[in-house]
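Participant: One structure, pasted below without further comment.
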Amino acid sequence: MSVKKRDRNVNGERSSKVTIVDVARHAGVSHTTVSWVIHDDPRITPETKERVHASIRALNYHPNLSARRLVRGRSDTVAMMAAFFSGPFEMEILKGVEDGMSGGNEGKAMNLFTTGGSDSKVRTTMESILYGDAADGLILLSIVPPDDLVAAFRERGRPLVVIDGKVPGACSITSDNEYGARMATAHLLQRGYRHLAIVNGHSSREDPHPTAEERLTGYIETLGEWGIPYNPAHSYEVFHYDYHVGLELGADVAKGGYDAVFCGAGDAAAMGLMSAFREKGLSIPEDIALVGYDDWYPARLLSPSMTTVAQPLREMGKRALLECIKGITMGAAAMKDGLYDPKLIVRQSS
């Protein structure tokens, strides 16, 4: 018969689960002081905090987070939802969220939800967060939420942050997509290219995607300023911003006889286009120039390296988290929109 070992305290004696009272006794303070230290109350001196933390470490004490959250009436959890988290855009945003979790927010938790592109899953997940206790606030990544749920979040005082989109009634963290497309298009025109195509995200009345619409607008208006009429036949749409989509589409784009392509669907799709162009015997930029979007780090490692429009994705992710936490602790009215300027990074592909 096996015998299960029991926990032992700092003196090696058998003990039951360590409580806040045990920590207080060990540190020579009241249990209220221990609680204030755990919550980083500014009234406690650094010396007392260090003594209490030393006792916490010595006794291997773990606060009951569920009880703390119940008392405070909050879950101390932020939810984040995206169609997928596997793309370079999403991963860079998540790195920024990780940055925001440090510096005083270590006690917060993050729940990630994926929809797979399903509108019905967007609704059911938002409703479960709104009416349940899975999270105190929600960050949406490249998702346009239903108007009625935006209003419901606002009415219930639940902060709602949208990255990569402008949604009335929610806090929006995005970059100037129209300006980014203008820079990319003007750069190609200034280099002497005249037969341009755009590969962009899909958007429709039934399935709107503001980012894709803004980039297409910037592209079209810049062509017009140069006296070049926009031809819808030279516009290609993709549903997913990834390498394989670009590779698959690239064969069709290569048949168009273009001398340059602006890929507003991100660098991963642009890399797929680059591979497809090479398979068709096209040299970059001699036969066809290429400009991507996002400045994903492999873009600088390619040969030729890729010209692209850089977005401060990590900063956007961090800002979104901090605004959501601000909305949780201070109310949604305290949140501020964030609009960032993209930057054209000129390399060898154009």
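Participant: Restricting attention to the alpha-carbon atoms of the chain, what are Rg (one decimal) and Dmax (integer), both in Å?
Facilitator: Calculated on Cα positions, Rg and Dmax stand at 25.9, 88 Å.
Participant: On to the next question. Taking Cα pairs under 8 Å and at least six residues apart, what relative contact order does the chain come out at, in percent? Walk me through the numbers on the way to the answer.
Facilitator: On the way: 633 pairs, mean separation 59.4, N = 350.
Taking the mean separation of contacting Cα pairs over the length of the chain, I get 17 percent.
Participant: Lysine pairs in the range 207-338 with alpha-carbon atoms under 21 Å apart, 8 or more places apart or on different chains: how many are there?
Facilitator: Working: 255/280; 318/326; 318/336; 326/336.
Eligible lysine pairs with Cα atoms under 21 Å apart amount to 4.
Participant: Can you give the FRET efficiency for residue 30 and residue 156, using 1/(1 + (r/R0)^6), R0 = 41 Å, r = Cβ-Cβ distance, to the nearest 0.05?
Facilitator: Values: r = 37 Å, r/R0 = 0.91.
My answer for the efficiency is 0.65.
Participant: Among 29, 291, 309, determine the one that fluctuates most according to a GNM of the chain built with springs between C-alpha atoms less than 10 Å apart.
Facilitator: Most flexible of the set in this elastic network: 29.
Participant: Relative to the present Cα-Cα distance, how much length would full extension add between residue 44 and residue 134 at 0.36 nm per residue of separation? Numbers along the way, then the final one.
Facilitator: Details: separation 90, 0.36 × 90 = 32.40 nm, distance 3.18 nm.
This chain segment gains 29.2 nm when fully extended.
Participant: Averaged per residue, what accessible surface does the range 167-295 expose to a 1.4 Å probe, in Å²?
Facilitator: Details: 5350 Å² over 129 residues.
Dividing the accessible area of the range 167-295 by its residue count gives 41 Å².
Participant: Lysines near residue 49 by alpha-carbon distance under 23 Å, same-chain residues fewer than 8 away left out - which ones?
Facilitator: Hits, sequence-local ones excluded: 17, 108.
Participant: Same structure again: Select from the range 262-350 those trypsin sites (Lys or Arg not before Pro) which occupy a DSSP coil region and have at most 14 other Cβ atoms within 10 Å, ordered by residue number. Could the numbers behind the result be given before it?
Facilitator: Details: sites: 278, 280, 300, 314, 318, 319, 326, 336, 343, 347; in loops: 280, 336, 347.
The qualifying sites are 280, 336.
Participant: At most 11 other Cβ atoms within 10 Å and a DSSP loop assignment: could you name the trypsin sites (Lys or Arg not before Pro) in the range 170-257 that fit? Write out the running numbers ahead of the final one.
Facilitator: Numbers: sites: 182, 191, 194, 205, 215, 255; in loops: 191, 194, 205, 255.
Passing both the DSSP loop test and the Cβ count: 205, 255.
Participant: Using a 10 Å Cβ count of at most 14 others and DSSP loop calls, identify the longest part of the chain lacking such GluC sites (Glu not before Pro).
Facilitator: Details: sites that count: 13, 106, 206, 286.
The longest such stretch corresponds to 107-205.
Participant: Another question, then. Quote the relative contact order of the range 175-308 in percent (integer), defining contacts as alpha-carbon pairs under 8 Å separated by 6+ residues. Numbers along the way, then the final one.
Facilitator: Working: 224 pairs, mean separation 33.5, N = 134.
So the answer I get is 25 percent.
Participant: About its Cα centre, what dipole magnitude does the chain give when the only charges are +1 on Lys and Arg Cβ and -1 on Asp and Glu Cβ, stated in debye to the nearest 20?
Facilitator: Working: 39 positive and 44 negative charges, 386 e Å.
Dipole magnitude for the chain comes out near 1860 debye.
Participant: Would you work out what percent of the accessible area of the chain, with all protein chains in place, is carbon or sulfur (probe 1.4 Å)? The partial results should precede the final answer.
Facilitator: Working: 8970 of 17530 Å².
Ligands and nucleic acids excluded, carbon and sulfur give 51 percent.
The values are calculated or read from the model by the stated rules, or taken from the named source; none is laboratory data. This is a predicted model, so every value here is computed, not measured. Cβ coordinates were reconstructed from backbone atoms using ideal geometry, including for glycine residues, and neighbour counts include every protein chain displayed. Keep in mind that these areas ignore ligands, DNA and RNA; they rest on the heavy atoms of the full protein, side chains included. Shrake-Rupley method; radii C 1.70, N 1.55, O 1.52, S 1.80 Å.
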